[in-house]
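Structure first, commentary second.
The values are calculated or read from the model by the stated rules, or taken from the named source; none is laboratory data. A quick note: this is a predicted structure, and the numbers were derived from the prediction, not measured. In this analysis, Cβ positions are derived from the backbone assuming ideal geometry, glycine residues included, and neighbour counts consider all displayed protein chains.
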Amino acid sequence: MVQLCSIEQAVDDVLARLPAHIHMGMPLGLGKPNLFVNALYRRIAKLPERALTIYTALALGRPTMGDGLQKRFLEPFIERVFGDYPELDFLADLHTDSLPANIRVQQFFMQPGSLLHSASAQQDYVSSNYSHAARDINAAGLNLVAQLVASSTEHPDRLSLSCNPDITLDLLPMIEKRREAGETILVVGQVHADLPYMPGDAELGMDAFDYLIDAKDSTTLFSTPNMPVGFQDHFIGLHASTLVRDGGTLQIGIGSMGDALTAALLARQADNEAYRLLLTDLDVYQWAPLISHEGGVAPFARGLYGCSEMFVNGLLVLADAGIIRRKVYPDVATQAQANAGTLDDAAQPDGVSIHGGFFLGPRSFYQRLQEMTHTKRLEFNMTRISYINELYGQEELKRLQRLDARFINSAITVTLLGAGVADQLEDGRVLSGVGGQYNFVAQGHALEGARSILILRSWRESAGEVSSNIVWEYGHCTIPRHLRDIVITEYGIADLRGQTDAKVIEALLNITDSRFQNDLIEQAQKAGKLPKDFQLDPRFADNTPQRLKAIQARHHRLFPEYPLGTDFTDEERDLLRALNWLKSKFKLTEILELGKAALDAPEPEAFPKHLERMRLDKPEGLKEDLYQRLLLAGLQATAH
């Protein structure tokens, strides 16, 4: 029977009942009970005779303040959006490589880019597919599970794993088997007052927990504010939207490229004429055979089914818009009827339009789920990650559900032979982790009618230097080239499946920025992978930002900067645009360059509210005066 107790009582009992070395597992992302974890962490840090190993992923922390202009921008925003969110004590110590000697933290996925310079985080990273995480954590000797949960007055005898049934539901049978063999393994839960109660597979009886913290956590839930969607991302989303097939299945990830795809699908559904005119102007129909065979550009008559390890905000927006509405069912016979078109969906109470493993999103996402009726939430089934990320186990049912699946994931680099890079730098340092990307790429090949689509920006700019994200070679890959399928950049679509190396190279050159095409052609020819007389198709010789920006200007209504809404004020949107421009153009350490930029700045009267927001309306001293002039230059350069 579950025991209600305070956080300190739970810590006392955990220390009393478990051996000297505690192996604690926590969910990926949002579902960590930070208050309990911090209490246990602090206690064990003072007990050198004890040891603690934490197994988790995506430990969430507020954005790093930095200094200068970045700090002035972030400080008020972080206070407003993140409020009293309790930071994880171990995360702060990871950043400074100052974990206590008796505590280790192993993650299989990290907040992207946040721990590149942490030796302890890098050394204790576990490279593992998301679908293997439960297996690996259990094998490491897990003896404590700690999880944030949701409660409902309508279901007083049950709790919901809400945002994170993903690994826990896979772990529980393993834990039960070990308990039957005599091992002591404890499960601690804490209810969060604002966590949406997700019914369905995520619901558990109270007896699944050994301890339940008696005081609800009412601190601010961690959120991921929607970031601006730039022109590159919008064009990537437009191309990808043409490959999504009506009546099919959709998986997308978090971030601005996923938001751009959502925006394009919304336009395809609700503003189809304008959407098609834009596609014509973009000359997308040079890929007409592929689009006709794999996707479409018409509004969705049958709708989509969402099957995604992460239930992202974009999927919820698509569901609210009536695009994600194709329901799937938990048994083969009913699903076969649905596929044949002989099922009355309205008469079936157990239809699901989205399967998700975990969720994390902006504040509006949590609020929307909270406001839904219980019946509506039943359509979004949060479940075990093994169900979503793998085909084995109920394979016949999954194949019937996952019709014409499009698994759309982002990469940071693609090699000219088709390998994808998403998780790690070539020096070995991990940016994030493989997560479930391999799982979905593999499904893209294993499922009939499915495609795996990697999306990336063809180029990047940092401190005034422009580089190609399509390269001849790279010292690491997340997705090996033998699993290449479709790659999309802002310049178009490369269908690589079943192609020779020369054809793969040509297809990727066609979607490469024209500033880098000649060098890449030379490298491929030098390696003997392209004929010496190879000539780039003239249609792709004008792959330039200028051409895309001209198209954007002609169809500006279909390029919203924040298609899914934002937590930023009007002034903050302008400031963010200006700060990103400064970061892309200059190295802030090069004072001479910065001074040159400041010479082109307008007078302060042009942007009074923006300067006030950054506390630069009355600069004091040379440094603040330079900050003001730089900011004004950025605001002028990026003004709409």
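Rundown of residues vs (1) more than 24 Å from GLN286 (Cβ to Cβ); (2) β-branched (Val, Ile, Thr), yes/no style:
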| residue | (1), (2) |
| --- | --- |
| VAL466 | yes, yes |
| TYR474 | yes, no |
| ILE479 | yes, yes |
| HIS482 | yes, no |
| TYR491 | no, no |
| GLN499 | no, no |
| GLN517 | no, no |
| LEU520 | no, no |
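Assessment of the stretch 20-42 against the conditions (out of contact with any helix residue (DSSP H, G or I) (no Cβ under 8 Å at 6 or more places or on another chain), of a type in the set (Lys, Arg) and more than 23 Å from ALA133 (Cβ to Cβ)) yields no matching residue. If the requirement is being assigned to a helix (DSSP H, G or I) and modelled with pLDDT of 90 or more, which of these qualifies: LEU622, LEU632, LEU594, LEU616? Only one candidate passes the filter, namely LEU632.
Listed by position, the helices (runs of 4 or more DSSP H) enclosed by the stretch 245-310 that each have at least 2 residues that are in contact with a strand residue (DSSP E or B) (Cβ under 8 Å, 6 or more places away or on another chain) and modelled with pLDDT of 95 or more are 256-270, 288-294. Which members of the stretch 348-398 meet the condition of being over 29 Å from VAL81 (Cβ atoms) and either surrounded by fewer than 18 Cβ atoms within 10 Å (Cβ to Cβ) or at pLDDT below 95 (or both)? Across the stretch 348-398, the qualifying residues are GLN348, PRO349, ASP350, THR375, LEU378, LEU391, TYR392, GLY393, GLN394, GLU395, GLU396.
Against the numbered list (1) under 30 Å from ARG399 (Cβ atoms); (2) within 18 Å of the chain's Cα centre (by Cα); (3) free of Cβ contacts under 8 Å to residues at least 40 places away in the same chain, SER256 comes up short only at (1).
Residue by residue, here is whether (1) touching a residue at least 60 places away in the same chain (Cβ under 8 Å); (2) outside the structural domain of CYS163 (by TED's automatic domain parsing) holds:
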site: ASP194; (1), (2): yes, no
site: PRO199; (1), (2): yes, no
site: GLU203; (1), (2): no, no
site: ASN226; (1), (2): yes, yes
site: ASP246; (1), (2): no, yes
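Apart from one condition, SER151 fits all of (1) within 16 Å of GLY200 (Cβ to Cβ); (2) buried (at least 21 other Cβ atoms within 10 Å of the Cβ); the exception is (2). SER462: surrounded by fewer than 23 Cβ atoms within 10 Å (Cβ to Cβ), more than 10 Å from ALA419 (Cα to Cα), modelled with pLDDT of 95 or more and of a type in the set (Ser, Thr, Tyr), yes or no? Against the criterion (surrounded by fewer than 23 Cβ atoms within 10 Å (Cβ to Cβ), more than 10 Å from ALA419 (Cα to Cα), modelled with pLDDT of 95 or more and of a type in the set (Ser, Thr, Tyr)), SER462 does not qualify.
When the stretch 42-69 is limited to residues that are of a type in the set (Ser, Thr, Tyr) and within 21 Å of the chain's Cα centre (by Cα), the one that is farthest from ALA10 (Cα to Cα) turns out to be THR64.
Could you tell me how many of the residues in the stretch 446-466 are part of a strand (DSSP E or B) and either in contact (Cβ under 8 Å) with a residue 12 or more places away in the chain or within 19 Å of LEU250 (Cβ to Cβ) (or both)?
Adding up the residues that qualify gives 9.
Each residue in the stretch 91-119 was checked for being in contact with a helix residue (DSSP H, G or I) (Cβ under 6 Å, 6 or more places away or on another chain), of a type outside the set (A, V, I, L, M, F, W, C) and crowded, with 16+ Cβ neighbours inside 10 Å, and 2 of them qualify.
Screening ALA181 with (1) surrounded by 20 or more Cβ atoms within 10 Å (Cβ to Cβ); (2) of a type outside the set (Lys, Arg); (3) free of Cβ contacts under 8 Å to residues at least 40 places away in the same chain; (4) out of contact with any strand residue (DSSP E or B) (no Cβ under 8 Å at 6 or more places or on another chain) gives one miss only, at (1). For first residues located in the stretch 266-286 and surrounded by fewer than 15 Cβ atoms within 10 Å (Cβ to Cβ), partners that are not in a helix (DSSP H, G or I) and not hydroxyl-bearing (Ser, Thr, Tyr) and lie 6+ apart or on another chain with Cβ distances below 6 Å form the pairs ASN272/PRO299. Take the conditions within 25 Å of the chain's Cα centre (by Cα) and hydroxyl-bearing (Ser, Thr, Tyr) and apply them to THR184. Does it pass? In short, no. Would you pick out the residues in the stretch 357-415 that are among the small types (Gly, Ala, Ser), under 23 Å from the mean Cα position of the chain (by Cα) and under 25 Å from LEU204 (Cα atoms)? Scanning the stretch 357-415 gives GLY357, GLY361, SER386.
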